[in-house]
Amino acid sequence: MKHATDNTQGSHRFLLMLMMIVICASVTASYIQRSGGRVAVMGIKIPTQNGQWLGADLFKPKTATAENPAPLVIVIPGFQRSKETLSNLSLELSRRGVVVIAIDPYAQGTSSSSMSRRAATTEGYGMFAVVNYAHDTPNLNYIDRQRIAATGHSAGGNAAIRGANFFGKQAKKSGEPSKLHSVFVSGYVLTLTNKVLRDVKSNVGVSYALYDEGAYRNELKNGDMKRAPEALRLINSTRPRVGNELKEVQLDHYYGNPADHNLRVIYNEPVLHPFQPYDRLATANQLQFFETVFELNSDIDVNDQVWYWKELMTLLSLTAAMLALVPAANLLLRFQYFQPLVHQLPEPLPTPDAKGRAIFWGLFTLSACIACFSYIPLAELSQVIFVDASSRKQTWFFPQRMNNAVLLWAVFNGSLGMLIFSATHYLHGRKQGVRREMWGANINLLELWRTLVLAIILFFFFFLLLFGVYYCFHVDYRFVFLGARVFQARLIPLLLMYAPLFFIFFFSNSLRVNAAMRFKGQAEWKSMLLAGIANTAGLILILVLQYTVFAMTGTVHWTESWLYVNLLFGVVPMMFVLPYFNRYFFRLTGRIYLGPMTTCLIFIMILLSNTVCYIPL
C-alpha cells in the first residue's frame, strides 16, 4: 500500500514557486493593462436610479487632463459577461488616449439588479446613467463632453444602440446634439429597425460575426451583412429617401460624416459570436472606428495590439493558483488536527478482462450520450422550475438563470452516475474481485467534518490570494470569458444554496474517477486523461453537434437554446480539470472526499461570480 505524499519540503518549494508565478504574472498583466504606467486603472461604484448601482473600471490616460480633455467610451459587456471580459478593448482604447469606463451590466458582476426586467433596452444596462453623469456633471473634468461614446457586444451592443435611440430622442426635443456622440454595436443587429434608427443622432458602427450562431433570428437567417436588411437600414438611415437607397453594403466602408453625427460603417468578420470580442481583426475594426469618429491622431496602429499578452499572464495566474491548492493541502495535512485524514492509498482495481473492458467502454459511451442529450431538455426545464429567475424577476430563490440549467444537469447526471456505478459493482465488479475498501470511501463523521474544514480553508486560501492580487494590481485570474473573479459577500448565501446540490455531481465524479477508473498497472497520466475526457465527452458532443449542423446548414442545431450551448465554452475547461484535482486530493488522503468538497466550493463560486444574478436590491 502506498502512503500519501510525504515530501513536505518539496511541497513548500512548489507552493512558494506557484505563488511567485501568480504574483509575477499579475504584476506583468497589471503593467500591460496600465500601458506601462501611462494609464491609471481603478474600480469605481456609481449610484443610479431606484437605489441601483453600477460597478465599473475607470481607465484614465495620464494625457487626459482638464486642459487637454479626452473622449470617453463606455464599454458594456453582454449577457453573462463582466467588465473584465472586455478589458482587452478598454486597454487598447486607453492606450490610445481615450478615457474608458467599463461597466458591469445590471444583475452581473459587482452591479446591482435592476428594477426593470428589460434593463438593456430601458437603461442600457446602466450606460444611460453613466452618460448623464459624465455629460451633466463637472466631476470628470478631463473628458470632452462633446465626445462621449458607448460600445458593447451582444446584449451590450443592444444597450449601445438603444442608448443612441434614447439620447437621440432627447436631442430632438432639446435641439442640442445627442449626448452620445457615437456608438459601436458588436454582435447584435435585431434592433436595427426603422423604429429605433429614426431617432438615432449618433455615429454608428456595427460589427457582426459572419458565423454568428444567433443569425437564424436575422431577417435573411444568416450572418452575411452585405445584403442584410438590418445593415441596409442602418446605412440608408441618413441618406436621401428618393430612390437613392443602397441595395448592397460595401463592408468596411465609411458612409457619412462624423462631424455631422451621421457616419455609418458595417464590419463582418469571419468568426463565431462568443469569440468576436477576442478577434484581432474585430478589435482593430473597432479601434479604427473610434479613431475616425473622434479624429484621433494616435501614433499606435490599430493592428498593434498587446491585450492578448495580458490574457496570457492572467491565464498563467489562474493555472498557478489552481495548482497551488495541491501543495497547500499537502502542507495543511501535516497539522495535527488534519493528520487523521491521511490514509494509505487503497489497492487499485484489478485489470479488467475482455468483458470488463466492454462494459467500461459501453458505459463510457452511454454516459456521454446521456450527458449530451439531457442538457438542453434540463435547461428548458429550469425555466419552468425557476420561473422568477428565468423571467428576470428579482428573487432569492435560485436567482441565477443560466446556472440553474447547469445545476439541473449536474444533479441529474451526478445521481445517474452513482446509480450506474453501484449497479455495475453489484452486477459485475464484485465478481471480479473489486472490494469496497478499494473505493477509498470509508470515513467516520469526525473525519468528514475535518475534511470539510480543510476544504473551507483551501477555498479561502484560493480567494484570499485572488483578493490580494486584485487589491494590489487590479487584475484577476482569467482567460477571455473564463475567469475567477473576486467574489462578494452577498454571494455567500448563494454558495450555501447552490453548492449542496452541485456537490452530488462533484462527489459522483470523485467516486467514479478514483473507484472505477484506477486500474492496476495503468499509468496515472493515462488514467487522469481518460477521466478528463469522460467528464467532458457529453458536453463536447453538444458543441460538435451544434457546430457540425451549423457548418452544414448555416443554422445551429439548438436555436432557441443556443445561449445555453455557448455557456459550455466556459464550463468544459472546468469539467476537464476536475478529475485531475479529485485524483490528486485522493492521492494525498487515500479518500474520495477532500477533492469534491474543495473543487465544489471553488468552482461553484467561480460560476456564481460570472453569471447573471437577479438578487433583490
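The values are calculated or read from the model by the stated rules, or taken from the named source; none is laboratory data. All of these numbers come straight from a predicted model, not from anything done at the bench. We place every Cβ from the backbone using ideal geometry, glycine too, and count neighbours over all the protein chains shown.
Can we say N285 is of a type outside the set (V, I, T), assigned by TED's automatic domain parsing to the domain that holds V183 and crowded, with 16+ Cβ neighbours inside 10 Å?
Taking the combined requirement at face value, the residue does not satisfy it.
Of the residues in the stretch 262-294, how many are in a helix (DSSP H, G or I) and more than 16 Å from N88 (Cβ to Cβ)?
Count: 3.
Taking the stretch 567-605, which residues are in a loop (DSSP other than H, G, I, E, B) and either under 21 Å from A321 (Cβ atoms) or charged (D, E, K, R) (or both)?
Selection gives R591 alone.
Across the stretch 149-188, what is the total count of residues that are touching a helix residue (DSSP H, G or I) at 6+ places or on another chain (Cβ under 6 Å) and among the aliphatic types (A, V, I, L, M)?
Number satisfying all stated conditions: 6.
Just checking, how many residues over the stretch 19-39 are surrounded by 23 or more Cβ atoms within 10 Å (Cβ to Cβ) and without any contact (Cβ under 8 Å) to a residue 24 or more places away in the chain?
Of the residues in that region, 0 qualify.
Among the residues of the stretch 533-554, is there at least one that is under 25 Å from R436 (Cβ atoms) and crowded, with 20+ Cβ neighbours inside 10 Å?
Yes, that holds for at least one residue.
Evaluate the stretch 342-350: report whether one residue or more is free of Cβ contacts under 8 Å to residues at least 12 places away in the same chain and either outside any loop (DSSP other than H, G, I, E, B) or within 31 Å of the chain's Cα centre (by Cα) (or both).
Taking every residue of the stretch 342-350 in turn, none turns out to be free of Cβ contacts under 8 Å to residues at least 12 places away in the same chain and either outside any loop (DSSP other than H, G, I, E, B) or within 31 Å of the chain's Cα centre (by Cα) (or both).
Which numbered condition in (1) more than 30 Å from Y564 (Cα to Cα); (2) out of contact with any helix residue (DSSP H, G or I) (no Cβ under 7 Å at 6 or more places or on another chain); (3) of a type outside the set (K, R) is the only one that A284 fails?
(1)
Residue under question is G78, and the condition is that it be more than 17 Å from G483 (Cα to Cα) and outside any helix (DSSP H, G or I); does it hold?
The answer is no for G78.
Under 7 Å between Cβ atoms, which residue pairs at least 6 apart in sequence (or on different chains) link something in the stretch 593-607 that is within 10 Å of T451 (Cα to Cα) with a partner that is in a loop (DSSP other than H, G, I, E, B)?
Taking only residues 6 or more apart or on different chains, the pairs are Y593/I443.
Condition first: among the β-branched types (V, I, T), buried (at least 19 other Cβ atoms within 10 Å of the Cβ) and at pLDDT 95 or above. Now tell me which residues in the stretch 407-452 satisfy that.
The one that is among the β-branched types (V, I, T), buried (at least 19 other Cβ atoms within 10 Å of the Cβ) and at pLDDT 95 or above: T451.
Might you let me know whether the stretch 145-152 holds any residue that is touching a residue at least 40 places away in the same chain (Cβ under 8 Å) and assigned to a loop (DSSP other than H, G, I, E, B)?
Taking every residue of the stretch 145-152 in turn, none turns out to be touching a residue at least 40 places away in the same chain (Cβ under 8 Å) and assigned to a loop (DSSP other than H, G, I, E, B).
Please find, within the stretch 144-187, the residue that is farthest from the chain's Cα centre (by Cα) out of those that are under 19 Å from V99 (Cβ atoms) and aromatic (F, W, Y).
F167
Please go through (1) surrounded by fewer than 24 Cβ atoms within 10 Å (Cβ to Cβ); (2) more than 15 Å from A150 (Cβ to Cβ); (3) touching a helix residue (DSSP H, G or I) at 6+ places or on another chain (Cβ under 7 Å) for N50 and return the number of the only condition it doesn't satisfy.
With respect to (1) surrounded by fewer than 24 Cβ atoms within 10 Å (Cβ to Cβ); (2) more than 15 Å from A150 (Cβ to Cβ); (3) touching a helix residue (DSSP H, G or I) at 6+ places or on another chain (Cβ under 7 Å), N50 is out only on (3).
Quick one: count up the residues across the stretch 301-311 that are farther than 29 Å from I23 by Cα and in contact with an Asp or Glu (Cβ under 9 Å, 6 or more places away or on another chain).
Total satisfying the criteria: 1.
Hey, which of the helices (runs of 4 or more DSSP H) in the stretch 451-566, taking only ones fully inside, have at least 3 residues that are aliphatic (A, V, I, L, M)?
Passing ranges, in order: 492-515, 524-553.
Quick check: is even one residue across the stretch 561-581 touching a residue at least 60 places away in the same chain (Cβ under 8 Å), crowded, with 21+ Cβ neighbours inside 10 Å, out of contact with any Ser or Thr (no Cβ under 6 Å at 6 or more places or on another chain) and of a type in the set (V, I, T)?
Yes.
Residue check: is R401 farther than 26 Å from A455 by Cα, of a type in the set (K, R) and under 24 Å from the mean Cα position of the chain (by Cα)?
yes
Could you tell me whether any residue of the stretch 193-204 is among the charged types (D, E, K, R), crowded, with 22+ Cβ neighbours inside 10 Å, at pLDDT 95 or above and closer than 22 Å to P77 by Cβ?
Among the residues of the stretch 193-204, not one is among the charged types (D, E, K, R), crowded, with 22+ Cβ neighbours inside 10 Å, at pLDDT 95 or above and closer than 22 Å to P77 by Cβ, which makes the answer no.
Quick test for you: out of L312, L323, pick the one residue that is within 29 Å of G483 (Cα to Cα) and either surrounded by fewer than 20 Cβ atoms within 10 Å (Cβ to Cβ) or in contact with a Pro (Cβ under 7 Å, 6 or more places away or on another chain) (or both).
Within the list L312, L323, the selection yields L312.
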